[in-house]
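The values are calculated or read from the model by the stated rules, or taken from the named source; none is laboratory data. Everything quoted here is computed from the prediction, not taken from an experiment. When we count neighbours, we look across all protein chains shown, and the Cβ atoms used for this are built from the backbone with ideal geometry, even at glycine. Keep in mind that these areas ignore ligands, DNA and RNA; they rest on the heavy atoms of the full protein, side chains included. Shrake-Rupley method; radii C 1.70, N 1.55, O 1.52, S 1.80 Å.
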Amino acid sequence: MINIQELYMSDTWKEPFLIGATILFVTASFLLYLLIIKSRNSNIKKEKRSIAYSTIIDKLLFTITFEEVPIPAVLQQEEYTKQAADRFFREEMIESILNLHKNYDGLYAQKLEQFYTESGLIQDSFKKLKSRKWDVQCKGITELAEMNVNDAFDRILICSKARNKTLQITAINACIKLEGIKGIVHLAEHPYPIDDWTTVNIIAAFKKHDIGDTQGAELLLESRNTTVVTLGLKLIRELKLTQKVPYVAQLAEKTPNTTLKYEAQNVLQTLTV
């Protein structure tokens with residue numbers, strides 16, 4: 001057997017090694033170049049399809065929203081039926097509906113919600129909830145919440161208990177939008193700490209959606225999880241829920257936790273001054 005050290009000291013291996021390394025480098029560079037070209041061509045085609053679809057989608061949504069055309073009639077239009085099975089078209093359609101829905105309310109918003117349901121686009125969003133990818137789940141949750149699909153509440157509530165922080169916050173915000181305080185009372189049994197970022201997002205969601213009915217917010221004060229109790233106190237203070245003062249006073253009187261006692265006293269002072 002050839003001694004490895006003798007082989008290394010000799011020059012016989014250098015030339016084959018350099019030739020092999022050069023071939024490998026050139027091959028890898030060529031493959032990388034092909035991947036870049038393929039990716040660029042794919043993006044260009046996707047952009048062209050998006051522009052073409054935008055024209056069709058804008059026309060359809062204008063008809064749905066501003067013209068007295070029944071939804072079933074729109075669904076039977078040739079412009080729609082030709083593209084209805086195209087997944088990319090459906091994604092573009094959902095995106096456009098959501099953007100339009102954010103800017104309208106009343107009858108216009110109801111028409112968009114009706115089309116979203118009757119066209120089957122709602123099922124596309126439900127399928128995203130079943131995905132193993134948290135970012136896809138977040139997208140489905142956002143779509144369903146924006147379109148006020150209350151039937152999705154129970155499924156979204158499950159996602160609000162996920163360990164992934166982004167998914168958890170997205171789901172909690174959606175639950176708040178759909179069902180108000182009902183979307184967070186389950187946190188009273190939450191076994192994990194609620195961090196400041198989650199707390200800020202929850203309070204912001206209540207302010208954004210102008211939740212009027214806060215019946216049940218006091219249940220957070222009964223949690224064994226001190227971070228949940230802190231969330232409840234901050235929610236009561238920020239939303240100025242003066243009707244919850246008796247519950248806060250009871251907490252301040254009975255809790256053995258010095259930090260919670262101090263926070264409860266601060267909330268009482270804020271709400272009663």
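Within segment 247-262, restricting attention to residues that are part of a helix (DSSP H, G or I) and open to solvent by 50 Å² or more (accessible area, probe 1.4 Å), the residue that is farthest from Thr214 (Cα to Cα) is Thr258. Kindly check whether there is at least one residue in segment 193-207 that is open to solvent by less than 10 Å² (accessible area, probe 1.4 Å) and of a type in the set (Gly, Ala, Ser). Within segment 193-207, one or more residues are open to solvent by less than 10 Å² (accessible area, probe 1.4 Å) and of a type in the set (Gly, Ala, Ser). Considering segment 51-95, and only residues there that are acidic (Asp, Glu) and under 20 Å from the mean Cα position of the chain (by Cα), the residue that is most open to solvent (accessible area, probe 1.4 Å) turns out to be Glu95.
Selection over segment 115-173 of residues that are under 10 Å from the mean Cα position of the chain (by Cα) and not in a helix (DSSP H, G or I) gives a count of 0. Residues that are of a type in the set (Asp, Glu), assigned to a helix (DSSP H, G or I) and touching a helix residue (DSSP H, G or I) at 6+ places or on another chain (Cβ under 7 Å) within segment 196-246 comprise Glu218, Glu222, Glu238, listed in sequence order.
Of the residues that make up segment 96-110, is at least one in contact with a Ser or Thr (Cβ under 6 Å, 6 or more places away or on another chain) and surrounded by fewer than 19 Cβ atoms within 10 Å (Cβ to Cβ)?
We begin by selecting, within segment 96-110, every residue in contact with a Ser or Thr (Cβ under 6 Å, 6 or more places away or on another chain); these are 108.
Remaining after also requiring surrounded by fewer than 19 Cβ atoms within 10 Å (Cβ to Cβ): 108.
Yes, segment 96-110 has at least one match.
When Ser50 is tested against (1) at pLDDT below 80; (2) part of a helix (DSSP H, G or I); (3) farther than 30 Å from Leu107 by Cα; (4) of a type outside the set (Asp, Glu), just one condition goes unmet, and that condition is (3). Listed by first and then second residue, the pairs with beta-carbon distance under 9 Å, at least 6 apart or on different chains, first residue in segment 158-181 and at positive phi, second at pLDDT below 90 and among the β-branched types (Val, Ile, Thr), are Gly180/Ile211; Gly180/Thr214.
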